[in-house]
Amino acid sequence: MAGCSIRAIWILTPHHSVAFSRTFPVVERKWRSACARDGEVATQAPFPSDLEVAAAFTDRKQREGSARGFGIRVASSTPGSDSWVDDPVTRHIITLHINREEAEGYMLWPVIVHTSGNYYILVLPLVEPKKVREYRKLYQRNNCGGSVKEHDNLSSLLLSLPCITGAFMVAHAIGDLIAGETSDPEVVATSSSSAVGGLLDTLTGSIGIGVAPRPKPTSVPILASASSASTLMGSTLVDSSRTMTKPIDKDLLRGFISGSMPYGTPVDLNQNNIAAIRTTGFGSADPPPADLRQPAWKPYLYRGRQRVLLMTQETINAALYDREDIPDSFSISGQINCRAELEGLPDVQLPLIGVKPAKVKMLSVHQSAQYSDHGEDKQAIVFSPPVGSFVLARYQVSHATNPAPVKGFYQLSLVSEDGGQFLFRLTLMEGYKSPYCMDFCTIIMPFPRRRILSVDGTPSVGTVSMTERLIEWKIVTSGRGISGKTIDATFSGTVRFHPRVVNKSLSVSLSKSVLGCTAAEDSDEERESSNNSVNVEDVLMEKLNRDLEAVDLEEPLCWQAFNYAKVSFKITGGTFSGMTIDPKSVSIYPVVKAPVEYSMQVTSGDYILWNTLARSPHAAVPKDLC
């Protein structure tokens, strides 16, 4: 069972009814044949109906606490449940127990869960029956969790199943399709060149990176190990902007599935390729050379002006504390976008600069590429480019050669129940020289639990605006970027809030009932209440829109979170990690005269200034990872 085959796909609505489903009889016959060879009679039960799948998903959600589940063993966990396995990955790879009155029940595993908008996308890949038996042992064992060095743990089991990765790709591709997220990766060659569109290769699981000018006032993740239990802190605040459920274009979805995964085997998940093939078909005007095999990711040959466009995009996540007992934390991730407009089926060699100094800890490349490492400063990517724009590589680095683009501190203290004083003292672009240019920089002060009445204070640079729930300080505005100089920015002032008017007895009951039951619940998930008529998200939304007495909350300004300010910026002309590409060293075979244009861009992710006068969430990091 090498490769990846899909047994079934289901798309569930927020009300847990099946909006779309697709099974693949050819793959199902393979599963039954494998079960017969292994003597698995119970697993040969009739395939579940849509109603049975919806009921199993609802039952799991009630048992596990949410659609994704706890991910770790809690007091309410029972043997046979995903949380009993005590592994966070069970929040994304779940088990569905199909219960039947007239026959013996059975389980479906592994079921990939992906959330797109308000829809739940479930994908069931084909695995060997013996792998299912191994997982059944895991969720029935008595010991809690498992050592990484042990062989009988969930991670070791999943690593032996390449179909898991393929199923995630399918789920993300379908999620992008039903959400209408088909934007291509950005490739901007030079300042004189306009942005170039193209085709997005979703086989890489690419997700667009953007910076929202007004980030939502939700809790902010802590920059530390993903396995840290501290991620359970301060993450129960629900997004107040609930979107309407967008109807699914079933004809479009059926066409995409038929073209991208015939007979249940994913071949090409590029939505634009599939649409082009269905519209125009394959012509014989440009046949490939007889001695070369045309790859699946390039169904059409390019004709026209030849050139190669490259762009490095990096995202910085940071937690700045300005405290001696808590070190600042940085996380850098990046991707190399490419658009190779080359005739024929050439190979391109792309040398990478600064891989070793940047201490790259993870690098993955497109399916058309290979990564070679021949020692110090001799790393390169060789690839046969597909049509249009695509993500050539993704990486994460543990060391930055450049200083933080925004440094400083943020302080906020309450002077009364309905007012506070704040102070910003920041330094922008210190140590950066041309061609680095900061296109914009904005500071957001969210107050999701209070309604702002007024703000008094004048910053040393920039402009200030406010809404009912946040204050926005634009230090550098778009079109007035800074390059080759350092900016020292300060902003001190006072903020006043509307007085609280609330029934204290109601707030106390809500605090006990809601905060107590959501300590381990994620902000973006729903959870059923005891009477199955009101879910926790609705109660949280009601609570979010209700002013509570400060005495009922540990933090009066950011309910179920901590007080912080978020920085948003964009820098062009260089990278933060120091890993770059020399366009003059890019080689193409067979040799053609094709200019290579290269640009670099750095954007902020969760770049957080924690209030130095209040509590700040953080996690201890091993010294060898600092």
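The values are calculated or read from the model by the stated rules, or taken from the named source; none is laboratory data. These numbers come from a predicted model, not from an experiment. Glycine gets a Cβ as well: all are built from the backbone with ideal geometry, and neighbour counts include every protein chain shown. Heavy atoms of the whole protein, side chains included, go into the accessibility calculation; ligands, DNA and RNA do not. Shrake-Rupley method; radii C 1.70, N 1.55, O 1.52, S 1.80 Å.
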**OP:** Determine the pairs where a residue that is modelled with pLDDT under 85, located within region 99-114, has a partner that is hydrophobic (A, V, I, L, M, F, W, C) with Cβ atoms under 8 Å apart, the partner being 6 or more residues away or on another chain.
**Re:** R100/A45; A103/A45; E104/A42; E104/A45; G105/I98
Subject >> Flag if D488 is acidic (D, E) and open to solvent by 50 Å² or more (accessible area, probe 1.4 Å) >> reply: yes
Subject >> Failed criterion for V348 (all others in (1) within 24 Å of F576 (Cα to Cα); (2) of a type in the set (V, I, T); (3) at pLDDT 90 or above hold) >> reply: (1)
**OP:** Answer yes or no as to whether R339 is loosely packed, with under 14 Cβ neighbours inside 10 Å, modelled with pLDDT of 80 or more and touching a strand residue (DSSP E or B) at 6+ places or on another chain (Cβ under 9 Å).
**Re:** no
Original post:
Out of curiosity, is V415 open to solvent by 50 Å² or more (accessible area, probe 1.4 Å), within 23 Å of S616 (Cα to Cα) and among the aliphatic types (A, V, I, L, M)?
Top reply: yes
**OP:** Return the pairs, sorted by first residue and then second, in which the second residue is in a helix (DSSP H, G or I) and open to solvent by 30 Å² or more (accessible area, probe 1.4 Å), the first residue lies in region 253-268 and is without any contact (Cβ under 8 Å) to a residue 60 or more places away in the chain, the beta carbons are less than 7 Å apart, and the residues are 6+ apart or on different chains.
**Re:** G255/R278; G259/I277; G259/R278
Original post:
Is there any pair with a first residue in region 5-29 that is free of Cβ contacts under 8 Å to residues at least 24 places away in the same chain and a second that is open to solvent by 10 Å² or more (accessible area, probe 1.4 Å) whose Cβ atoms are under 7 Å apart and which are 6 or more apart or on different chains, and what are they?
Top reply: E28/R7; E28/F47
Original post:
In region 83-97, what residues are surrounded by 20 or more Cβ atoms within 10 Å (Cβ to Cβ) and of a type in the set (A, V, I, L, M)?
Top reply: V85, I93, I94, L96
Original post:
Quick one: is I72 under 21 Å from A171 (Cβ atoms) and hydrophobic (A, V, I, L, M, F, W, C)?
Top reply: no
Original post:
If you take just the strands (runs of 3 or more DSSP E) that sit entirely in region 329-432, which of them hold at least 3 residues that are farther than 30 Å from L453 by Cα?
Top reply: 329-341, 347-353, 360-365, 369-373, 379-383, 389-397
Original post:
Can you spot a residue in region 319-329 that is open to solvent by less than 30 Å² (accessible area, probe 1.4 Å), modelled with pLDDT of 90 or more and among the hydroxyl-bearing types (S, T, Y)?
Top reply: yes
**OP:** Kindly indicate the residue of region 29-60 that is at pLDDT 80 or above and either β-branched (V, I, T) or more than 21 Å from P125 (Cα to Cα) (or both) and also least open to solvent (accessible area, probe 1.4 Å) among those meeting that condition.
**Re:** V53
Original post:
Somewhere in region 449-463, is a residue closer than 27 Å to N317 by Cβ, open to solvent by less than 40 Å² (accessible area, probe 1.4 Å) and either in contact with a helix residue (DSSP H, G or I) (Cβ under 9 Å, 6 or more places away or on another chain) or of a type in the set (D, E, K, R) (or both)?
Top reply: yes
Original post:
Where residues in region 374-397 are of a type in the set (S, T, Y) and farther than 19 Å from G574 by Cβ, which of them is nearest to the chain's Cα centre (by Cα)?
Top reply: S389
